[in-house]
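Heads up: the structure comes next, in structure tokens.
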Amino acid sequence: MEGAGGRHDMRRDLITTRARTMRKAMSDAEVILWSRLRGRSPDRPTFRRQHPLGNIILDFYCPSAALDVEASIGRQLERRD
């Protein structure tokens with residue numbers, strides 16, 4: 001019998017794998033926005049793209065500001081179908 005932790009790990013692995021796949025297939029809007037958000041420097045916040053958070057995948061996430069940026073509503077609606 002598989003414990004609750006095992007199921008949680010499998011779900012987390014599935015979400016992480018999906019996020020990695022989405023990073024390789026970003027929409028045009030996401031590519032443009034990522035080109036502006038990416039890069040590290042002391043005077044700019046750091047963003048992550050296609051960041052898993054629980055059972056969802058955020059388009060862009062800034063952990064220092066706890067800020068989520070969703071770039072393409074069309075894709076969000078497609079995910080729910």
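Each row is one residue, and each column tells you yes or no for (1) at pLDDT 85 or above; (2) under 22 Å from Ser64 (Cα atoms); (3) open to solvent by less than 50 Å² (accessible area, probe 1.4 Å); (4) assigned to a helix (DSSP H, G or I).
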site	(1), (2), (3), (4)
Glu2	no, no, no, no
Gly6	no, no, yes, yes
Met10	no, no, no, yes
Asp13	yes, no, no, yes
Thr16	yes, yes, yes, yes
Glu30	yes, yes, yes, yes
Trp34	yes, yes, yes, yes
Gly39	no, yes, yes, no
Pro45	yes, yes, no, no
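Look through segment 47-69, keep the residues that are at pLDDT 90 or above and among the small types (Gly, Ala, Ser), and return whichever of them is surrounded by the most Cβ atoms within 10 Å (Cβ to Cβ).
Ala65
The values are calculated or read from the model by the stated rules, or taken from the named source; none is laboratory data. Not measured: the values here are computed from a predicted model. Ideal geometry is used to build each Cβ from the backbone, glycine not excepted, and the neighbour counts take in all protein chains shown. Keep in mind that these areas ignore ligands, DNA and RNA; they rest on the heavy atoms of the full protein, side chains included. Shrake-Rupley method; radii C 1.70, N 1.55, O 1.52, S 1.80 Å.
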